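Q: This is the structure I have questions about; it appears just below.
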Amino acid sequence: MFPSDVTKDRRFVESLSRGLNVLRAFGEGSVTLGNQEIARITQLPKATVSRMTFTLTTLGYLSYNARLEKYQLSAGVLALGHTYVSNLRVRQLARPYMDEFARLNNTSIGLTCRDRFHMIYVENRLPPEASLLRMEIGLKLPMATTAAGRAYCASLQEDERQQLLDALAESYGEALWPEKRAGLEQAVRDYQQHGFCLSLGDWDRNVNTAGVPITLADGNTMALTCAAPSYLVPQEKIRDDIAHQLVILAGDIQSLGS
């Protein structure tokens with residue numbers, strides 16, 4: 001999950017890493033998980049998981065359901081996430097521009113940031129009359145098949161991108177990876193040529209999306225994406241018109257956050 005040179009660094013705290021992996025397990029499984037399920041997801045020994053869940057429950061990051069004999073995320077995790085999103089200045093500055101883009105193009109438009117092999121929504125705006133494609137803040141998107149993930153990947157320096165591709169290859173396995181890799185490689189070419197990446201039915205066959213990376217003043221990279229059902233906005237409209245508008249908006253938002 002992490003490069004070996006990082007995990008071998010004496011500053012790397014293995015126990016803290018394991019505790020955070022236990023929390024992340026709830027994004028991979030159901031809302032409630034038992035120790036055995038967490039051990040399967042995290043590949044940690046069950047005894048280690050038991051100690052971690054006890055500690056995290058004591059600290060208020062997990063709560064225990066005695067009837068089900070399972071754990072779920074508690075308010076402590078919500079408080080951390082809320083603090084992060086609330087303090088994300090670019091999200092607040094970009095909101096009126098995103099609202100106008102959504103209104104003019106009849107698409108949803110969102111800001112996402114990376115979480116390991118996923119991108120997470122930190123903002124999503126919709127056209128005034130739309131009820132489709134409502135992406136809740138905190139929703140996780142796969143890196144390889146979404147315009148958000150592809151845009152993030154395409155923005156990386158070549159050595160960083162290769163590290164990510166190697167990790168994704170291991171995660172997907174030999175059977176699934178060739179198709180995922182082809183989509184990512186095409187996204188890099190699209191970004192280099194046009195400044196945007198596409199996912200035209202690759203993540204959801206009924207949804208067309210475009211994505212553009214945004215690098216903030218603090219050096220962090222996010223992805224600005226727009227999405228619409230294919231029956232409302234066909235591929236040609238996304239590729240030949242809306243994606244180019246998204247590139248301009250991304251530049252404007254990037255300057256706001258600098």
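Q: Please give the net charge around M52, taking every other residue with its beta carbon less than 13 angstrom from that of M52, where Lys and Arg add +1 and Asp and Glu add -1.
A: +3
Q: Please compute the length gained on full extension between H244 and S30, using 0.36 nm multiplied by the number of residues separating them and subtracting their Cα-Cα distance.
A: Result for the pair: 73.2 nm of gain on full extension.
Q: Which net charge results when you count Lys and Arg as +1 and Asp and Glu as -1 among the other residues whose beta-carbon is under 13 Å from that of M119?
A: Charge balance near M119 sits at +2.
Q: Please arrange M119, M98 by counting, for each residue, the other beta carbons lying within 10 Å of its beta carbon, fewest first.
A: M98, M119
Q: For a label point 7 angstrom out from the Cα of S171 toward its Cβ, which stretches of the range 17-50 have the backbone nitrogen within less than 20 Å?
A: Only 17-31, 38-44 fall inside the zone, counting backbone N under 20 Å.
Q: If I stretch the segment between Y64 and S230 completely, what's the gain in nm (0.36 nm per residue apart, minus their alpha carbon distance), one decimal?
A: That works out to 55.5 nm of additional length.
Q: Okay, moving on. Counting only C-alpha contacts under 8 Å and six or more residues apart, can you give the relative contact order of the chain as a whole percent?
A: 14
Q: So which aspartates and glutamates pass the test for K46, namely a Cα distance under 13 Å, with those fewer than 8 places away in the same chain ruled out?
A: E37
Q: In nanometres, what is the gap between the two model label sites at R161 and K46, each 7 Å from Cα along Cα-to-Cβ?
A: Here the modelled spin labels are 4.5 nm apart.
Q: Pick the calculated Rg and Dmax of the Cα atoms in Å for this structure from (1) 17.7, 54; (2) 19.5, 57; (3) 17.8, 57?
A: The value matching this structure is (2).
Q: Let me ask something else about it. Can you list which of the trypsin sites (Lys or Arg not before Pro) found in the range 126-178 are DSSP loop residues with at most 12 other C-beta atoms within 10 Å?
A: Filter output for the range 126-178: R134.
Q: Could I ask something else about it? Below 15 Å, Cα to Cα, which aspartates and glutamates can K180 reach? Residues fewer than 8 away in the same chain don't count.
A: Correct list for K180: D166, E170, D202, D204.
Q: Please identify, among L20, L184, L68, the residue showing maximal mean-square fluctuation in a Gaussian network model of the chain using a 10 angstrom Cα cutoff.
A: Result: L68 has the largest fluctuation of those listed.
Q: Can you give me the C-alpha center-to-center distance between the range 16-59 and the range 97-147, rounded to a whole angstrom?
A: Value for the Cα centre distance between the two parts: 29 Å.
We did not get these values from a lab; they are worked out from the coordinates using the rules stated. Every value quoted in this text rests on a predicted model; they were computed, and no experiment measured them. Backbone-built Cβ (ideal geometry, glycine too); neighbour counts: all protein chains shown.
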